[in-house]
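The values are calculated or read from the model by the stated rules, or taken from the named source; none is laboratory data. No experiment lies behind these values; they were computed from the predicted model shown. Positions of Cβ are generated from backbone atoms using ideal geometry, with glycine treated the same way; all protein chains shown enter the neighbour counts.
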Amino acid sequence: MQAIWDAVAMIPAGRVCTYGEVARMTGLPGRARQTGYALRVLPSDMQLPWHRVVGAGGRVVFPKSSANYREQSRRLRAEGVRVTNGRVEPSALLQI
């Protein structure tokens, strides 16, 4: 999990990566769900930019009515990432 957390920490402000891309960055291709799990069990005192990780195609994966959806969208917008209908602008996607 530490490798996943390290990869997420390297995503610059104003950019996003998909769960799958983070998995590939850490040598775990095809394990996007493992990235999701690592973020779900993230210690609360760890200051990690979890909001910069999105689903395939730049989709915010939380339900639109959830507090997590609103929080992720708010944080991304604060960094200058446009979020429209639950998707980030394609130019924000970082591919490594």
(request) Output the number of the condition that VAL88 fails; it satisfies all remaining conditions of (1) under 19 Å from MET10 (Cβ atoms); (2) without any contact (Cβ under 8 Å) to a residue 12 or more places away in the chain. (result) (2)
(request) Read through the list (1) at positive phi; (2) in contact (Cβ under 8 Å) with a residue 40 or more places away in the chain, then give the number of the only condition that GLY30 fails. (result) (2)
(request) Taking the residues in the range 50-59 that are under 10 Å from ARG87 (Cβ atoms) and either under 8 Å from the mean Cα position of the chain (by Cα) or loosely packed, with under 11 Cβ neighbours inside 10 Å (or both) as candidates, determine which candidate is modelled with the lowest pLDDT. (result) GLY57
(request) For the range 86-95, state whether one or more residues are exposed (fewer than 12 other Cβ atoms within 10 Å of the Cβ), over 13 Å from the mean Cα position of the chain (by Cα) and either part of a loop (DSSP other than H, G, I, E, B) or not hydroxyl-bearing (Ser, Thr, Tyr) (or both). (result) yes
(request) Take the residues in the range 1-32 that are farther than 20 Å from ARG87 by Cβ and among the charged types (D, E, K, R), then tell me which one is surrounded by the fewest Cβ atoms within 10 Å (Cβ to Cβ). (result) ASP6
(request) Report yes if GLN47 is loosely packed, with under 11 Cβ neighbours inside 10 Å and in contact (Cβ under 8 Å) with a residue 40 or more places away in the chain, otherwise no. (result) no
(message) Return the residues of the range 1-59 that are among the charged types (D, E, K, R) and farther than 17 Å from GLU71 by Cα; say none if nothing qualifies.
(response) ASP6, GLU21, ARG24, ARG31, ARG33, ASP45
(request) List the number of the failed condition for LEU39; all other conditions in (1) without any contact (Cβ under 8 Å) to a residue 60 or more places away in the chain; (2) at negative phi; (3) assigned to a loop (DSSP other than H, G, I, E, B); (4) of a type outside the set (Asp, Glu) hold. (result) (3)
